[in-house]
Structures are given as structure tokens and as C-alpha cells.
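The values are calculated or read from the model by the stated rules, or taken from the named source; none is laboratory data. Small disclaimer: the values here were computed from a predicted structure and weren't measured. Virtual Cβ from ideal backbone geometry, glycine too; neighbours counted across all protein chains shown. Accessible surface is based on the protein model in full, side chains and every heavy atom, while ligands, DNA and RNA are left aside. Shrake-Rupley method; radii C 1.70, N 1.55, O 1.52, S 1.80 Å.
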Amino acid sequence: MTPFVYRCTDCGRTYSRDEVRYLCPTCGESYRPGIPLTGVLEAVFDYPAIHGRFQPGRPDWGLFCAVEDRYHPPLPVGNTPMARLDRTAAELGLGTLWVKNDGLNPSGSLKDRASFLVAAEAARLGIDLIVAASTGNAASALAAVCASTGQKALIFVPEKAPKAKLVQMVLYGATVVPVKGTYDDAFRLSLDYTAKRGGLNRNTAYHPLTLEGKKTAGLEIWAQAGFRVPDAIFVSVGDGVILGGVAKAFLDLNRAGLIDRLPRLIGVQADTSDAIHRYVETGVYSDAANPTTRADSISVTCPSNAHGARRAILESGGLTLTVTDEEILSAQATLASRSGIFTEPAGATAFAGLLKLQASSRALPADASAVILATGNGLKDVEAPLSRISIPPAVEPVLEALSL
């Protein structure tokens, strides 16, 4: 671990590690549930020290970590594979295409990374209860990590969260509270709970270590690409924290003098859950009016990290685009059949964005390298693909019954 301070991404004030817990005390004063977070904090490390100690041949990721190893949960999170898709790259006119398969984390999603680090922080602080709001993946991740540590998880979920994710939470031993309403309603209730009844709130971006945890996916992408910066990284976007975490990884690497450029970040949203896309395009924020989508993990009315996501897109020279549910489910099937990677609709949204971009006038150049971040396992929501496929009927167990 390297010494760090927290810095407000709005006003730039810095705070010592234990001086703050969630938002900047100044900028966060104006925050209220129902609007994007203000005063989000980022960990700023001793980057010259990292530069002097980091060895690409033997990368010590602890140099970029904000919680000491001794507090880390025993669950093996991260180090997920990144597969090359040479055939698909050639078809799309790209030099290189990878898929980072974070559906192979213990609970089946990238959200394990954030829960891992928040649980470590709770252990450091001696707090036994961790509280979160989630559409499913963050909750499953928190429940899994707490199961490994013996900590208590209290989770507020929208009542329409996919059953597969609810099953995970319950089996892991979490206390699950379905909420009549949306993710945003669950988010608000969880903040009320920790403010009045205690516990450490794990809510995405609200706790700065959620960004730090998700950052590890970006660090791994850099290493798995041969310690080279990809030209573009495609990220499905709901609340904007995964995108913010990936951006933070490359900012940290750049600040440490280990890279000299940033990858273009391509944020992809469902066309009904498009608040961040419209914010990037117009510079004016407004909620998504009706964010219903088959990609439930990115269905958000008011993205918590809208300001940070927009800033990350613009700083990287990237862009955002939207895709329909039909494009998402088609991309899910294509990715599965061409790579063997079955990702949930939210994860396939990033691939749908690549397909759409390469068919447009804004396509990446022919020698470009691109990464698709597949954020969750497809088995978390089999109802979505079942809406477009049919399971073959059974046949008699004799060869003559086959028409193959």
C-alpha cells in the first residue's frame, strides 16, 4: 500500500484517510437523494513512490490499493481472463479485440471488486454491518464477500430484481429487503438506514472505495494487453461507476508515469436509460424518464456518478452511444456464439455499442485495439435471452428420429 489522501472531484480539497468517510464535507452538503452525487472523493496516491517501486514484470497492485492487505477478505476476487477475438476483430475492421470476462468473479460480476475493498475497509474500521442498495449484482457481490468474512450484509433491492440474483443473496446469508419501487428508491432507503441506524454504506460512488475497487479491472486490462494502453475500452453504463473506476485506473497509471496516454472510453447505455449519454452530448443533466430495459443492471433513473462519468468520457476523448434492447440481446447471442463468453444483457451492452459504432461514420480505425468489458455472467438472467430463442424439443432415443 502507498500513502494516499482523499481529494474532492468537485472542489479539489484534500482530506486525510480518516477525516472523511463518504462525500466531501463541503460539496456533499448540497447532495440529496434523487440527484447525481456531488463531492465524490478519489484516492490520490504518492505517485512518484509508485513509479520508483512498480515493476511491470512483477506488478505489485498493492501499490495502487487504499486498504492494507491484512484486512482483505479471503475470497479470491479479480484476475479474470481477457480473451482475444481475432476473427471478430477482422470482421469489424479492428487490429485487435479483447473481451475482459468479469463474469468469472466469485459471485459472477465485476461488482465483487468494489464489495471486496469496502469489506476490507469495514474490517479496518471495526464495523461489522455493511449496507447497500442494488439492482442485484452489487448486492450479490456484497453478500458473497461478507459470507467469506463473517460480516453482516443488509441489502435493499428493487422488488423486480432478477430471481437468480435474489437467490444468490439469500444463499450467501445476507438480509435482503425488497423495496416497492426502483433502484433509486432502494438507494435512498439505504442512505436513510445508515444515517440513522449505523453500518458502513457501500453504495456505489457514495463510498469512494467502490471506485477504487472497480479500478482494478482497468489495471488488469493494461497488464493483460501486454502493459500497453488499448485505443478504446467499451463499458456498459448505468450509474457510471464502473466507467469511472476504469478511468481512475488509467489516470493513476498516467500520474505514476507508467503510461503516457489514456484509452478512449466508450460508454454504452440502453436507449431508455440514457441519462449519462444525454449529459455527455448536451452538457445538461436530466434524469432518464423511463429506464426500463432488459439490461436490468444498467437501468437507472438518476445515475449516482453522472458527473464523474461525463468527466471521464471527455478527459479520455471518448464518446457515448445508446443501443436498443433488441441490439443488446442480439449482441449477447453473437458474443456467446463467437467467443464462448456468455455475459448478461448489461455486459453485452458494451459489445452492442462496438457493433453499432463500427457500422457508423465514427468507426474506430483499422489498426485500433479495443477491449469489451463483460461485466456479469449470463446465468444471472436467463429470462432475457429466452425471450429470443427456443429450446429444441425432445426426440425419441433412436438414430432414425434425428434429421441432422
Test: residue in region 175-187 that is open to solvent by 60 Å² or more (accessible area, probe 1.4 Å) and touching a Gly at 6+ places or on another chain (Cβ under 9 Å): no
Looking at E326, E344, E315 in this structure, which one is of a type outside the set (K, R), farther than 21 Å from P230 by Cα and open to solvent by 60 Å² or more (accessible area, probe 1.4 Å)? E326
Do you know which of the residues in region 73-131 that are of a type in the set (K, R) and in contact (Cβ under 8 Å) with a residue 24 or more places away in the chain is most open to solvent (accessible area, probe 1.4 Å)? R87
Out of (1) on the phi > 0 side of the Ramachandran plot; (2) not in a loop (DSSP other than H, G, I, E, B), what's the single condition that is false for H307? (1)
Mind checking which residues of region 367-404 are in contact with a helix residue (DSSP H, G or I) (Cβ under 6 Å, 6 or more places away or on another chain) and either over 27 Å from A141 (Cα atoms) or loosely packed, with under 10 Cβ neighbours inside 10 Å (or both)? R388, V395
Would you mind telling me which numbered condition in (1) within 26 Å of A89 (Cα to Cα); (2) touching a Cys at 6+ places or on another chain (Cβ under 7 Å) A232 fails? (2)
Out of G218, G199, report the one residue that is at pLDDT 95 or above, open to solvent by 10 Å² or more (accessible area, probe 1.4 Å), farther than 19 Å from A295 by Cβ and of a type outside the set (A, V, I, L, M, F, W, C). G199
For the subset of region 202-215 comprising residues that are of a type in the set (A, V, I, L, M) and not in a loop (DSSP other than H, G, I, E, B), which member is surrounded by the most Cβ atoms within 10 Å (Cβ to Cβ)? L211
Can you work out which of the residues in region 18-39 that are open to solvent by 60 Å² or more (accessible area, probe 1.4 Å) and not in a helix (DSSP H, G or I) is nearest to G198 (Cα to Cα)? R21
Sort out which residues of region 239-279 are open to solvent by 10 Å² or more (accessible area, probe 1.4 Å), over 12 Å from A312 (Cβ atoms) and not in a helix (DSSP H, G or I), and write them in order of number. D239, G257, L258, I259, D260, R261, D271, T272, D274
With respect to the numbered conditions (1) aliphatic (A, V, I, L, M); (2) surrounded by fewer than 24 Cβ atoms within 10 Å (Cβ to Cβ); (3) free of Cβ contacts under 8 Å to residues at least 40 places away in the same chain, which one is the sole condition not fulfilled by V157? (2)
Taking the criterion of being closer than 19 Å to V300 by Cβ and of a type in the set (S, T, Y), would at least one residue in region 235-244 satisfy it? yes
Residue tally, condition assigned to a loop (DSSP other than H, G, I, E, B), in contact with a Gly (Cβ under 9 Å, 6 or more places away or on another chain) and either under 30 Å from R53 (Cα atoms) or of a type in the set (D, E, K, R) (or both), over region 1-12: 4
